[in-house]
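Q: Quick one: this structure, given as structure tokens, is what I'll be asking you about.
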Amino acid sequence: MATIGNAPLIKLERLPGPGSAEVYVKYEGANPTGSMKDRMALSMIEGAERRGELAAGGTVVEYTGGSTGSSLAMVCAMKGYGAHFVSSDAFSKEKLQTMQAFGARLELIPSENGHITAKLFDLMVTRVRELSKRPNTFWTDQFNNADNRSAYHAMAGEIMAVSDEDAVETARKLARIEGIFGGTSSGANVWAALQRARKIGPGKKIVTIVCDSGLKYLNGDLYK
């Protein structure tokens, strides 16, 4: 568990340009599964332990597209809990394989031609709700779990609107210019930080988050 968190803070040397504040990124790709969701997974599991909702020999259940499931599967493996997740063939094979590599039992709900739809999520939620009724079983319920939110207490107080095009291009520039390998969300974060850095000017410092490793995105269009 000591390897979760304490990710390095890296100064961007070239992207900010002259006349900008210094920009630093918290490189969450350094977490064990390559994602900031490791923090959230550990926070939810340890919160359940403190409240007595998860005991030795218990099983953790969740519906997931892969990143949260990978993090939860890793934490469960480290702590000796079973992991039973509901996902779908609509999500990347790499993420599904990662969950299984950590020993998670995986149920896949068939999608409609690989599309992620509201109907698919409804089916996933229904199935995990059924699983949660089994004895000694804890549903992390990631989207409604207060321990999820508390894992990110240091997030910035201001949010900027960022286009997909800006996010993708910035992620690519991070890799080519700074040697930092992240995903689309990381590109969006850095784009916003760069805009703010130019606005407030030299002598200031801005910190943002590179959410996970770009290795998770090689199967998509981001780095093609």
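Q: Looking only at region 69-93, how many residues end up being out of contact with any Ser or Thr (no Cβ under 8 Å at 6 or more places or on another chain) and outside any loop (DSSP other than H, G, I, E, B)?
A: 6
Q: Oh, and also: Might you let me know whether region 134-148 holds any residue that is among the aromatic types (Phe, Trp, Tyr) and at pLDDT 95 or above?
A: yes
Q: Step by step: first the residues of region 94-113, then only those that are in contact with a strand residue (DSSP E or B) (Cβ under 7 Å, 6 or more places away or on another chain), among the aliphatic types (A, V, I, L, M) and part of a helix (DSSP H, G or I), then the one that is surrounded by the most Cβ atoms within 10 Å (Cβ to Cβ). Which residue is that?
A: Only one residue tops the list, namely MET99.
Q: Read through the list (1) buried (at least 22 other Cβ atoms within 10 Å of the Cβ); (2) over 15 Å from the mean Cα position of the chain (by Cα); (3) assigned to a loop (DSSP other than H, G, I, E, B); (4) not aliphatic (A, V, I, L, M), then give the number of the only condition that GLY182 fails.
A: (2)
Q: Would you be able to say whether some residue in region 189-198 is at pLDDT 90 or above, within 18 Å of the chain's Cα centre (by Cα) and in a helix (DSSP H, G or I)?
A: For region 189-198, residues at pLDDT 90 or above, within 18 Å of the chain's Cα centre (by Cα) and in a helix (DSSP H, G or I): present.
Q: Are any of the residues in region 216-224 crowded, with 19+ Cβ neighbours inside 10 Å, of a type in the set (D, E, K, R), in contact with a helix residue (DSSP H, G or I) (Cβ under 8 Å, 6 or more places away or on another chain) and modelled with pLDDT under 90?
A: Among the residues of region 216-224, at least one is crowded, with 19+ Cβ neighbours inside 10 Å, of a type in the set (D, E, K, R), in contact with a helix residue (DSSP H, G or I) (Cβ under 8 Å, 6 or more places away or on another chain) and modelled with pLDDT under 90, which makes the answer yes.
Q: Here is a further query. Which one of these is in the same structural domain as GLY203 (by TED's automatic domain parsing) and among the acidic types (Asp, Glu): GLU53, GLU49, GLU62, GLU28?
A: It is GLU28.
Q: Does region 30-53 contain any residue that is in contact with a strand residue (DSSP E or B) (Cβ under 6 Å, 6 or more places away or on another chain), modelled with pLDDT under 95 and not in a loop (DSSP other than H, G, I, E, B)?
A: yes
The values are calculated or read from the model by the stated rules, or taken from the named source; none is laboratory data. This is a predicted model, so every value here is computed, not measured. When we count neighbours, we look across all protein chains shown, and the Cβ atoms used for this are built from the backbone with ideal geometry, even at glycine.
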